[in-house]
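Engineer: Mind having a look at this structure? Questions to follow.
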Ligand SMILES: [Zn+2]
């Protein structure tokens, strides 16, 4: 079985087998990563996986999990974020809308006959 040499920030160089390594390849390549539980200290180590690392790990037998980031995540947002006050104001506005809808439903409509 292929031996994969990796580095733990605490323990230094460690050797792993492909089933011990998790590889996640993201549609945003900067977010691709590989992770493993260090065989020495048991801490999870997670590092960015460059295209070269992805290629090395997959050819070494590590299956790649594919992660498709929804387009909304990549949208740029301007302005302040929504606060609890905004949510409460929205709730109050919905209640007003219910009153308006009830009034509108009570008003007889004019029907035109052909
Ligand atoms: Zn370690």
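Engineer: Once you place label points 7 Å from the Cα toward the Cβ at residue 97 and residue 80, how far apart are they in nm?
Structural biologist: Those two pseudo-labels are separated by 2.2 nm.
Engineer: On to the next question. Between residue 24 and residue 90, what FRET efficiency follows from the Cβ-Cβ distance if R0 is 35 Å, with the result rounded to 0.05? Spell out each step's value before the answer.
Structural biologist: Values: r = 36 Å, r/R0 = 1.04.
The value I calculate is 0.45.
Engineer: Any idea what the relative contact order of segment 4-69 is, in percent, if you count C-alpha pairs under 8 Å spaced at least 6 apart? Intermediate results must be reported in sequence, preceding the final value.
Structural biologist: Details: 114 pairs, mean separation 22.4, N = 66.
Relative CO of segment 4-69 lands at 34 percent.
Engineer: Can I ask one more? Under a point spin-label approximation (7 Å from Cα along Cα-to-Cβ), what is the residue 69-residue 55 distance to one decimal in nm?
Structural biologist: 2.2 nm
Engineer: Nearest 500 deg cm²/dmol is fine: what mean residue ellipticity at 222 nm does the chain get from its DSSP H runs of n ≥ 4 alone, each adding -39,500 (n - 2.57), divided by its residue count? Walk me through the intermediate numbers first.
Structural biologist: Values: 2 runs with 32 residues, N = 114.
The helix-only estimate for the chain comes to -9500 deg cm²/dmol at 222 nm.
Quick note: the coordinates plus some simple rules give every number you see, no bench work behind them. Note that the structure is predicted; figures quoted are calculated from it, not measured. All Cβ positions, glycine included, derive from the backbone under ideal geometry; neighbour counts span all protein chains shown.
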